[in-house]
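A.B. asks: Handing you this structure, nothing more for now.
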Amino acid sequence: MLEQTGIPEASDINGVFPSDERLAKGPVAVIECFQRIPCNPCSTACRRGAIEAFDDINDLPKVNHEKCNGCSLCVSRCPGLAIMVVDMTYAEDKALLKLPYEFAPLPEEGSSVTALNRAGEAVGEALVVKVQNTPALDKTPLVSIAVAKDLARTVRNFRVTDDTSAESPGILRGDEAPSPMVCRCNDLDLDNIRDLMKKGFTSIDEIKRVSRLGMGPCQGRNCIPLVLGELSRFLGKPVSELDPGTYRPVVKSVSLGAVAEYDGEALTE
Amino acid sequence: MNKTADIVIIGGGVSGCSIGYYLLKNGAKNVVILERDYLSAGATGRCGAGIRQQWGLELNCRMSKFSCEFFENAVSELEFDGDVEFHQGGYLLLISAEAELEQMKKNIALQNSLGIASRLITLDEAKEIVPYLNTDNLLAAAFHQKDGHLNPFHTTQAFAEAFKRLGGVIETRTAVTGVTVSNGRITGVETDKGTIQTGTVVNAAGGYAQGIAKMAGVELPLYSERHNILVTEPVEPLLAPMVMSFSLNLYCQQSPHGSFVMGRTDDSQPRDLRVSAYSGFPELMSRSVTGLMPPLKNLRMLRQWAGLYNMSPDKAAIYCEAPNVSGFYTAAGFSGHGFMMAPATGQSMTELILGLTPTLPWPKMGLDRFETGELLLEPSVV
């Protein structure tokens, strides 16, 4: 199911949780990384060697929970926000969960928040014990919340307000916030792309020609899927019905010197 | 879509949009441009973007001078709210043989007599313009500061917006499927979105011009030929002029954005409508260009593409009304220079269609030259 929903189930969670013996000894990192992708900052962040060096960058992290002291250095380093630190020794009946939290507004220390499970459903109350947002955390604040011990394997997030009718205030852009970058090669943001669509440029090739989208070093690998999504919303058509534009050789940029010195077999049509 | 039009222009490239703009500016009404894909989707959007006035034929000099002066003022003339990115870093034409030197001297004398301030320069002077130029196999160079390059997409867009502001209609994603003729006169254009009745059709279909003419029963002595270009990653400004060598058959420029754009002529290329990428091209191009400008070895190629040159028998454009079909006009056969000549094309076709007094030498550029043998053989083309 995880592959279809993106929501890990109890068996997935238990597979990555430390043993009860280890949990009883104090704070420890729990890494919920279930998909092989080329990513290893957790391993390089750990100063105790508790997250083994990767043979292949696509490997899933292997955590030696005995070496881990729950320092939480790895938590803000994980781009997927897949790591938390669990401390089952925090109090008699409470566990402390140190979570990466990238929503605004940040909660107040001492406030009460709604605890959420991995599907985003409310499962109880939590108390905000600590909020860390130092420059070293690089805009991934860490929020420590205290939850009932029997919810330690269930809670993975929280909501600041109980007002579920509000339009997710945390993730909406404020008026002052910069428009999200779409094409880093040619400095195009979402507002630029939307303006072009409103002017009538409604295919990838047209937007490309008028704005240089996809003409930079990434050759559209990063920006074109994003713009296809925007075009899909704008035109009310599924992405599968949109023309992804023309891809041209070379697959990867290569110096003219290397091409000029090529002495293999003659290339043909 | 309109059911009738006074004039239907086939082709939404720079030529079609320029013709549309000049027609409306000179009093024509009810003009429609049909484009089977989107504006500048064909040869315009695939061209090397060069603008030059250094030609060997008087009429090419006059047409290009008119065009270049237009481009200098295009943003205000067309009231464009963007930038057409006209970069007048000059054209540096490299000379590597005695015969070429003699021809270039004649060209320069002609150009100077027409008010084009080109000049013959020494290799030392050439190296002042491009310090890393390898002059080993060169004799001299010709240079004209007012030549340069221009953004084809934005220029076409500027013409198109001005055309629409004057009341013109552009139908994109509308493919022409037939041209109807009755008693030797144009009666309409059939498209995949319906039929437009009209007495006047302008064939500005670039690489597809001969096919459009056939629909009207007109034979044009044209064929299309694939030409290839590659583009590198953008870097700091390193190359001011367009560098061109007729003997090496290549050109290379650095766009204002920083990418190097380069192409070369290759006789092995197919003469049909294919614009697929030719895998042998990067090798040949890289060898020639890094031999001429060695530091370019370190530049990374990002992409290659191809477009169609629409070739005429003497490599000069054809501006004509078909002798056998009244009301069927053609502006084609630019042989690789349609983009830079677009303003002259608009002015010329407007004078031809509206019966105005010629201010440009288009009357010599009709089809009859292939009957009389008075060909316009241009000596200086890549």
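The values are calculated or read from the model by the stated rules, or taken from the named source; none is laboratory data. Predicted, not measured: the structure shown is a model, and the values here were computed from it. No Cβ is skipped: glycine too gets one built from the backbone with ideal geometry, and neighbour counts run over all protein chains shown.
A.B. asks: What pairs can you find where one residue is in segment A:124-146 and assigned by TED's automatic domain parsing to the domain that holds A:E109, the other is of a type in the set (D, E, K, R) and not in a loop (DSSP other than H, G, I, E, B), and their Cβ atoms are less than 6 Å apart, with a gap of 6+ or different chains?
C.D. replies: Taking only residues 6 or more apart or on different chains, the pairs are A:L142/A:K98; A:S144/A:K98; A:S144/A:K130; A:A146/A:K94.
A.B. asks: Right, B:N112: in a loop (DSSP other than H, G, I, E, B), surrounded by fewer than 21 Cβ atoms within 10 Å (Cβ to Cβ) and at pLDDT 95 or above or not?
C.D. replies: So B:N112 does not fit the description; no.
A.B. asks: Do you know which residues across segment B:2-61 are of a type in the set (D, E, K, R), closer than 25 Å to B:V382 by Cα and not in a helix (DSSP H, G or I)?
C.D. replies: The answer is B:R52, and nothing else.
A.B. asks: Something else: Touching a residue at least 24 places away in the same chain (Cβ under 8 Å), within 14 Å of chain A (Cβ to nearest Cβ) and more than 17 Å from the chain's Cα centre (by Cα): which single residue out of B:E100, B:E161 fits that description?
C.D. replies: On inspection, the qualifying residue turns out to be B:E161.
A.B. asks: How do the pairs read when you match residues in segment B:230-246 that are outside the structural domain of B:T290 (by TED's automatic domain parsing) with residues anywhere that are surrounded by fewer than 24 Cβ atoms within 10 Å (Cβ to Cβ), using Cβ under 6 Å and keeping only pairs 6 or more apart or on different chains?
C.D. replies: So the pair list comes out empty.
A.B. asks: For B:L93, indicate whether it is touching a residue at least 12 places away in the same chain (Cβ under 8 Å), assigned by TED's automatic domain parsing to the domain that holds B:G291, under 24 Å from the mean Cα position of the chain (by Cα) and under 27 Å from B:L238 (Cβ atoms).
C.D. replies: Yes.
A.B. asks: Hey, another quick one. Can you confirm whether B:M244 is part of a strand (DSSP E or B) and under 19 Å from B:T44 (Cα atoms)?
C.D. replies: For B:M244, the condition - part of a strand (DSSP E or B) and under 19 Å from B:T44 (Cα atoms) - is not met.
A.B. asks: Among the numbered conditions (1) over 30 Å from B:V8 (Cβ atoms); (2) away from every other protein chain (no Cβ under 11 Å); (3) in contact with a Pro (Cβ under 8 Å, 6 or more places away or on another chain), tell me where B:M301 comes up short.
C.D. replies: Going through (1) over 30 Å from B:V8 (Cβ atoms); (2) away from every other protein chain (no Cβ under 11 Å); (3) in contact with a Pro (Cβ under 8 Å, 6 or more places away or on another chain) one by one, B:M301 breaks only (2).
A.B. asks: For residues that are buried (at least 23 other Cβ atoms within 10 Å of the Cβ) and of a type in the set (G, A, S), scanning just segment B:169-208, find the one that is nearest to B:E77 (Cα to Cα).
C.D. replies: Within segment B:169-208, the match that is nearest to B:E77 (Cα to Cα) is B:A204.
A.B. asks: So which of B:K297, B:K364 ends up being at pLDDT 95 or above, in a helix (DSSP H, G or I), of a type in the set (K, R) and buried (at least 17 other Cβ atoms within 10 Å of the Cβ)?
C.D. replies: So the residue among B:K297, B:K364 that is at pLDDT 95 or above, in a helix (DSSP H, G or I), of a type in the set (K, R) and buried (at least 17 other Cβ atoms within 10 Å of the Cβ) is B:K297.
A.B. asks: Could you list all residues from segment B:98-133 that are among the polar types (S, T, N, Q) and touching a Pro at 6+ places or on another chain (Cβ under 6 Å)?
C.D. replies: B:Q103 - this is the single residue of segment B:98-133 that is among the polar types (S, T, N, Q) and touching a Pro at 6+ places or on another chain (Cβ under 6 Å).
A.B. asks: With A:R36, A:R48 as the choices, which residue is in contact (Cβ under 8 Å) with a residue 12 or more places away in the chain, surrounded by fewer than 14 Cβ atoms within 10 Å (Cβ to Cβ), out of contact with any Leu (no Cβ under 8 Å at 6 or more places or on another chain) and more than 26 Å from A:K149 (Cα to Cα)?
C.D. replies: Being in contact (Cβ under 8 Å) with a residue 12 or more places away in the chain, surrounded by fewer than 14 Cβ atoms within 10 Å (Cβ to Cβ), out of contact with any Leu (no Cβ under 8 Å at 6 or more places or on another chain) and more than 26 Å from A:K149 (Cα to Cα) holds for just one of A:R36, A:R48, which is A:R48.
A.B. asks: Going by the conditions given, is B:T265 closer than 28 Å to B:L34 by Cβ and hydroxyl-bearing (S, T, Y)?
C.D. replies: Spelling it out, it is not the case that B:T265 is closer than 28 Å to B:L34 by Cβ and hydroxyl-bearing (S, T, Y).
A.B. asks: Then there is this: Condition (residue is crowded, with 21+ Cβ neighbours inside 10 Å and either within 30 Å of A:A258 (Cβ to Cβ) or more than 14 Å from every other protein chain (Cβ to nearest Cβ) (or both)) applied to segment B:367-379: is it met by at least one residue?
C.D. replies: no
A.B. asks: If you don't mind, there's one more thing I want to ask. Run down B:G27, B:G45 and say which single residue is within 14 Å of chain A (Cβ to nearest Cβ) and either in contact with a Gly (Cβ under 8 Å, 6 or more places away or on another chain) or more than 30 Å from B:G115 (Cα to Cα) (or both).
C.D. replies: Only one candidate qualifies: B:G45.
A.B. asks: Yes or no: segment B:126-137 includes at least one residue that is buried (at least 17 other Cβ atoms within 10 Å of the Cβ), farther than 26 Å from B:P343 by Cβ and in contact with a Lys or Arg (Cβ under 9 Å, 6 or more places away or on another chain).
C.D. replies: Yes, segment B:126-137 contains a residue that is buried (at least 17 other Cβ atoms within 10 Å of the Cβ), farther than 26 Å from B:P343 by Cβ and in contact with a Lys or Arg (Cβ under 9 Å, 6 or more places away or on another chain).
A.B. asks: Given the condition within 11 Å of chain A (Cβ to nearest Cβ) and under 30 Å from B:M365 (Cβ atoms), answer yes or no: does some residue in segment B:248-258 qualify?
C.D. replies: yes
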